[in-house]
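Peer 1: Sharing a structure below in C-alpha cells format, with a few things to ask.
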There are 2 protein chains.
Amino acid sequence: MVHAPALQHRLPADSARFQTSPASDSGRRTLAEAEALCRARGVRLTPIRRRVFEMLLGSPKPLGAYDLADALASQGRRMAPITVYRALDFLIEQGLAHRLASRNAYIASTGSRETPAFLVCDGCGEATEITCQEVAATVRRVLSAQGYKPLARALEITGRCVHCQDVH
Amino acid sequence: MVHAPALQHRLPADSARFQTSPASDSGRRTLAEAEALCRARGVRLTPIRRRVFEMLLGSPKPLGAYDLADALASQGRRMAPITVYRALDFLIEQGLAHRLASRNAYIASTGSRETPAFLVCDGCGEATEITCQEVAATVRRVLSAQGYKPLARALEITGRCVHCQDVH
DNA sequence: TCGAAACATGTAGTGTTATAACCTCTATGA
DNA sequence: TCATAGAGGTTATAACACTACATGTTTCGA
C-alpha cells in the first residue's frame with residue numbers, strides 16, 4: 001500500500017494548460033481549506049469525517065471504503081462499513097471527495113463545485129485530478145446538445161500512466 | 001421496467017454534430033452486424049452470448065448482470081450469474097457492449113473500436129451512446145498531456161435528461 | 001474418424017461493495 | 001431542562017462480481 005508520490009514533473013508538451021492536483025503535496029493546505037469551507041457552510045467536519053478525509057488526502061491513489069475501514073482500524077477502534085460510507089457521503093456532498101465508479105474507490109478533491117476530471121491509470125490505479133476548461137466545456141456542450149442538464153459528477157478518463165505503459 | 005423508447009427527436013441546437021445510437025431502433029441491423037463482426041474475427045457468438053446481446057439491444061437503459069439473469073430466466077432455464085458475466089466479458093472484449101461503472105450496468109454498443117461516450121441520466125438511468133470527434137479528441141489530448149496512453153474505455157458523462165429535469 | 005486441444009458452459013461457493021433498519025448519544029437552542 | 005436534529009453504533013442483508021473446478025462441445029489435424 002505504501003507508494004512513492006507520483007512523479008508529476010517530467011511531462012510532455014502542453015501540460016501547462018492543465019492544473020493538476022496530486023494529493024500528496026497539498027495535504028496540509030487542503031485540510032485547512034476543508035475546515036474553513038465546512039465552517040462557512042455551517043456543517044460539521046467531525047473527527048470521523050476528518051480522519052477519513054485525511055486518509056484520502058494522504059493516499060496517492062483512490063481508496064476503497066473497506067481499505068479506509070482497515071486503515072482507520074490500525075489507528076484505533078474498528079469502524080463499521082456504514083460509518084465509513086456515511087463519512088464518505090458527507091465528504092462527497094461537500095465536494096471534498098469523489099467516488100471513482102470505475103474502481104469502486106474514493107479520492108480527495110478540492111471542494112470546488114465545478115465538474116472535475118480524473119485521469120485514472122488502468123495499471124497502478126493512481127488517479128490525477130485535473131481542472132481543464134476544455135474538458136468542462138466539451139462536457140457541457142455534449143450534454144446540452146442532447147438536452148441534458150449537467151451535474152457536478154467526476155469525469156473518469158482511463159488510460160495508462162507513464163510508469164505503467166510498458167508493463168503487462 | 002417497461003419504458004417508452006427515448007424521444008430522441010426534439011433536440012436543441014447543434015445535435016446534428018453528434019451521431020447518437022439509441023438501442024431501440026437499430027436492433028435488427030446491429031444484431032446482423034454483430035454476427036458479421038464475430039464471423040470476421042473468428043469468434044463465436046454462441047446462443048447464450050447472442051441472447052444477452054439481444055437483451056441489451058432491446059433495452060433502452062443499461063441492465064445489471066442480475067437483471068439480465070432474471071430476464072433470461074423468464075425465457076427458459078435460469079442462468080447462473082457467472083454465465084451472464086462470461087457472456088458480458090465476451091461482448092465487451094468484442095466492443096459489442098460496455099460496462100457503465102457508474103451504474104454497475106451494461107449496455108449494447110456498436111462494435112467500433114473507438115472510445116465511445118455515454119450520456120447517462122441521473123434520474124431515469126437511460127443512457128445514450130454518442131460518437132463525437134470533439135470528445136474523442138479532448139480525451140486524447142488530456143491524456144497525452146499527462147503522459148497517459150489512451151485506452152478504449154467508455155467515457156461516462158452524467159447529467160439529467162430532458163424528461164427528468166423537473167422531477168426530484 | 002478418432003482423439004487431442006481449445007473453447008464454452010455448469011455448479012458450488014465465496015469475496016467485495018454498499019445499504020437498510022433501528023437504536024443511542026450528544027450538542028443546541030427555545 | 002427538555003425537545004429536537006444530527007451523528008454515530010449495531011446488526012443484518014442486499015447487490016454485484018469472481019474463483020475453482022467439473023463437464024460438455026467444437027474444431028482440426030493425424
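Peer 1: Mind checking which residues of the stretch A:156-168 are outside any loop (DSSP other than H, G, I, E, B) and either acidic (Asp, Glu) or more than 7 Å from chain B (Cβ to nearest Cβ) (or both)?
Peer 2: A:Glu156, A:His163, A:Cys164
Peer 1: Name every residue in the stretch A:29-47 that is more than 20 Å from A:Met79 (Cβ to Cβ), within 11 Å of DNA strand D (Cβ to nearest atom) and among the charged types (D, E, K, R), in order of residue number.
Peer 2: If the condition is that a residue be more than 20 Å from A:Met79 (Cβ to Cβ), within 11 Å of DNA strand D (Cβ to nearest atom) and among the charged types (D, E, K, R), then A:Arg41 is the only one that fits.
Peer 1: Pick from B:Thr115, B:Thr46, B:Thr110, B:Thr83: which is of a type in the set (Val, Ile, Thr) and within 14 Å of chain A (Cβ to nearest Cβ)?
Peer 2: Exactly one of B:Thr115, B:Thr46, B:Thr110, B:Thr83 is of a type in the set (Val, Ile, Thr) and within 14 Å of chain A (Cβ to nearest Cβ), namely B:Thr115.
Peer 1: If you check B:Glu93, B:Glu134, B:Glu126, which single one turns out to be within 11 Å of chain A (Cβ to nearest Cβ) and surrounded by fewer than 18 Cβ atoms within 10 Å (Cβ to Cβ)?
Peer 2: B:Glu134
Peer 1: In the stretch A:72-98, what residues are in a loop (DSSP other than H, G, I, E, B) and polar (S, T, N, Q)?
Peer 2: A:Ser74, A:Gln75, A:Gln94
Peer 1: Taking the stretch B:27-63, which residues are among the small types (Gly, Ala, Ser), away from DNA strand C (no atom under 16 Å from the Cβ) and without any contact (Cβ under 8 Å) to a residue 12 or more places away in the chain?
Peer 2: Across the stretch B:27-63, the qualifying residues are B:Ala32, B:Ala36.
Peer 1: Yes or no: the stretch B:144-151 includes at least one residue that is assigned to a helix (DSSP H, G or I), without any contact (Cβ under 8 Å) to a residue 60 or more places away in the chain and at the interface with another protein chain (Cβ under 9 Å from one of its Cβ atoms).
Peer 2: yes
Peer 1: Can you pull out every residue in the stretch B:36-66 that is more than 11 Å from the chain's Cα centre (by Cα), buried (at least 16 other Cβ atoms within 10 Å of the Cβ) and in a loop (DSSP other than H, G, I, E, B)?
Peer 2: B:Leu45
Peer 1: Can you give me the number of residues within the stretch A:113-131 that are in contact (Cβ under 8 Å) with a residue 60 or more places away in the chain and in contact with a strand residue (DSSP E or B) (Cβ under 7 Å, 6 or more places away or on another chain)?
Peer 2: Count: 5.
Peer 1: Would you mention how many residues in the stretch A:67-84 are exposed (fewer than 15 other Cβ atoms within 10 Å of the Cβ) and hydroxyl-bearing (Ser, Thr, Tyr)?
Peer 2: Residues in the stretch A:67-84 being exposed (fewer than 15 other Cβ atoms within 10 Å of the Cβ) and hydroxyl-bearing (Ser, Thr, Tyr): 1 in total.
Peer 1: If I filter the stretch A:48-90 down to residues being of a type outside the set (D, E, K, R) and in contact with a His (Cβ under 9 Å, 6 or more places away or on another chain), which single residue comes out as nearest to DNA strand D (Cβ to nearest atom)?
Peer 2: Restricting to residues being of a type outside the set (D, E, K, R) and in contact with a His (Cβ under 9 Å, 6 or more places away or on another chain), the top hit is A:Pro62.
Peer 1: Additional query: Name the residues in the stretch B:99-142 that are among the basic types (Lys, Arg) and part of a loop (DSSP other than H, G, I, E, B), would you?
Peer 2: B:Arg113, the sole residue that qualifies.
Bear in mind these aren't lab numbers, they're just calculated from the coordinates by the rules spelled out. As the structure is a prediction and not an experimental result, all values here were calculated from the model. FYI the Cβ positions are ideal-geometry reconstructions off the backbone, even for glycines, and counts take in every protein chain you see.
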